[in-house]
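Could you have a look at this structure, given as structure tokens, before my questions?
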Amino acid sequence: MTSPDGVNWKKNVSGITNALNAISFGNGKFVAVGNAGTIILSADALNWVRATSITTYHLKSVTYADSLFVAVGLQGTILTSPDGLTWTTQASGIVDNLNSVAFGNNLFLAVGANAAALTSTDGKIWKKQKVVVTDQELQFSMYWNKKFIVAATGGIVITSGDGVTWTYEYASVGNTLYSIVSGNGWLVAVGEAGVIAVSMNTVDWEIRNAGITSDVGGVAFGDDYFLAIGNTTFSNDYITSSDGLQWKKMLGPSAKIYGSLSFSQNHFMAAEINSSVIAITPDGESWTENKTETSCGLCSIVQAGSRYVAVGFNGCIIASPDGNSWTSQPTLSPRSLLSVTYGKGLFVAVGDSGAIETSPNGHDWTMHSSGTAMALTSVTCGNDRFVAVGYQGTILSSLDGVTWSNAHFDAAGLLWSVTYGDSQFVAVGDSGSIVVSHNGSLWTKVNSGVNVNLNAITYGKGTFVAVGDKGAALVSKADIAYTPAFREGAKTASGKSTILYKNHTVFCTSPYFKHRSIKTEIIDANGRKLYSGALVPTSGVISIDLGRFPQGVVFVSMTDGAHRTERLKIATIK
């Protein structure tokens, strides 16, 4: 979509169906990149043509500088082009996902997972830099006031003048920041759970009320004001501000998830995550939205070798040999399919009213009886079997994807997601529910320490990560042990205890601290006990100096021995 003033928007057709993740302007043209190596370009933001891509990996970010477009993406992918049409693959030397690329001080900087940071003077030869100040995923990069500014998971901000030597800053928001933009002398950062943080120097940050509670996925500055977009499929939250301090809520183009926002040639442009919609506005109020030929909302996608399969509402199934060209498959049922996985040579999709469909190739599908009328929200494969979860704690397992048995476990609520890792299945759901199983049949309920709904879980690099409402994030490296991720000033499950992390010190308050002796333990991410002892509260506050402990992530556990144990958050020692 395009707009000359942010008020009146015009919808334009991109001609593709893949998700678009980022857009840039240079050399007289717009270039947008997205999933499955998608690259499109336009001279007027109205008429788009597709460039011949040389990768099938998702592209997450693109920039233009020094007469060169540079795009980065999954598996360390780096592409360059002088005109946006002809692209060349450059060797990054890494396989970590790259999330963002920026240019400044005659230098390109690409950042991504596992604190990956690469620099290049020409966009072609890249050098890996060691970021010692954090081990978190680097989400976004920009260049401002003679230094690179990078936002990392957990509200961390790091800066560097040369991309080599880094300084640790902390935005004091706890929530992950997805994007930062500068304007009117301010830095404005936006992120999950509607957080907005502003700063004039990268060191001192102030939290501002965005007026929305959805994740905020993008922000841009243009025409003397800021525009930020809320990531939710249930409301089209857009907010604007003239100074980055006071924000006004308005309606966006539609209730979709927009993850990329930019300003160029007098209008803002937003790329929609779940399809190929491009929304344009001149003023942030009146939007024009382009809907491509995608006919159904897609809920889940899986890749098995060179075969991609996506499923969605009304029984929709589409398949692709390369992630670029998709074909619709015959619909067996009008029941929506909410999740799809691949294992044991078989695609398995599950959905509403107990729907289960399988296919050996993504084209030929067969419907099976699940034995339940409950909606199945997620399916995974592990330990030589499939496991599906859903409404009212429904858990099903199958050795072949055809014959399913009920686990008969009362999970007390809706389960939204299930994954397999570390020789165990883990499912999450409403009200902080977490259940685990080693065989898919016998399940154990685990105390998550939170009451918010957990919507998704995944496993990677020896770690389970669960996310949910209000920016909740939980991590676990140990067997069936979850601890709420550190949020400075956030409340624990009791709603009364709090923790603050300032100047290498953790400050804990709780009504349970009225007892004089509080057993306190500090444990690192590998389960090694760093400290164990009894602390006495001062005016109801316990303070712990973390400066004497090794750098890394720690768990702080406290108990009065009689009432309860507070596993108070993860703190990162710097």
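The values are calculated or read from the model by the stated rules, or taken from the named source; none is laboratory data. Note that the coordinates shown come from a computational prediction; the quantities given were computed from them, not determined experimentally. Every residue, glycine among them, receives a Cβ derived from its backbone with ideal geometry; neighbour counts consider all protein chains shown.
Does any residue of the stretch 442-452 turn out to be in contact with a Phe, Trp or Tyr (Cβ under 9 Å, 6 or more places away or on another chain), at pLDDT 85 or above and farther than 30 Å from ILE522 by Cβ?
no
Could you please find all residues in the stretch 371-381 being crowded, with 22+ Cβ neighbours inside 10 Å and small (Gly, Ala, Ser)?
So the first thing to find is which residues in the stretch 371-381 are crowded, with 22+ Cβ neighbours inside 10 Å, and the list is 376-380.
Selection gives SER378 alone.
A follow-up question, please. From the list VAL150, VAL131, VAL72, pick out the single residue that is at negative phi, at pLDDT 95 or above and within 25 Å of the chain's Cα centre (by Cα).
Testing whether each residue is at negative phi, at pLDDT 95 or above and within 25 Å of the chain's Cα centre (by Cα) leaves just VAL72.
How about the stretch 40-69: which of its residues are among the basic types (Lys, Arg) and within 26 Å of the chain's Cα centre (by Cα)?
Taking the stretch 40-69 and keeping what is among the basic types (Lys, Arg), we get 50, 60.
The answer is LYS60, and nothing else.
Would you call SER353 free of Cβ contacts under 8 Å to residues at least 60 places away in the same chain, of a type in the set (Ser, Thr, Tyr), surrounded by fewer than 17 Cβ atoms within 10 Å (Cβ to Cβ) and within 28 Å of ASN453 (Cα to Cα)?
yes
Having 3 or more residues that are at pLDDT below 90 and closer than 22 Å to GLY312 by Cβ is the bar; report the strands (runs of 3 or more DSSP E) wholly within the stretch 335-407 that clear it.
337-343
Any residue in the stretch 383-410 that is farther than 21 Å from TRP365 by Cα and crowded, with 19+ Cβ neighbours inside 10 Å sitting within a Cβ distance under 8 Å of a residue that is of a type in the set (Asp, Glu) and at pLDDT below 90? List the pairs, counting only those 6 or more apart or interchain.
Sorted first by the residue in the stretch 383-410, then by its partner, the pairs are GLY393/ASP410.
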